[in-house]
Amino acid sequence: MVNYEGDPLVLPIGPITRSRAKRYGAAISSFVQAQITQELHDVAFNKCCEELEGIPRLLMLLGACEVEDKFV
């Protein structure tokens, strides 16, 4: 594995000191938290889109009922 000094998610070459372990642990925790937040956002967005898909049909149905009531 190549060591990218700017990427905190890549383990450094050489011995892992307590300081490096803490920084790596913090980077992993931050990464996982960001991924979970993004996943929850995506799930909420998809749920919202699914709910909005049915609204045009409901509005057409309500409009049709309104027009029908005027002619009856």
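Points worth noting:
- Taken along the Cα-to-beta-carbon direction at a fixed 7 Å, the label points for Leu11 and Tyr24 span 0.5 nm.
- A straight chain from His41 to Ala64 at 0.36 nm per residue would run longer than the Cα-Cα distance by 4.7 nm.
Where a number appears in this text, it was derived from the coordinates with a stated rule and is not lab data. Model, not experiment: these values are computed from the prediction. Reconstructed Cβ throughout: ideal geometry from the backbone, glycine too, with neighbour counts over all protein chains shown.
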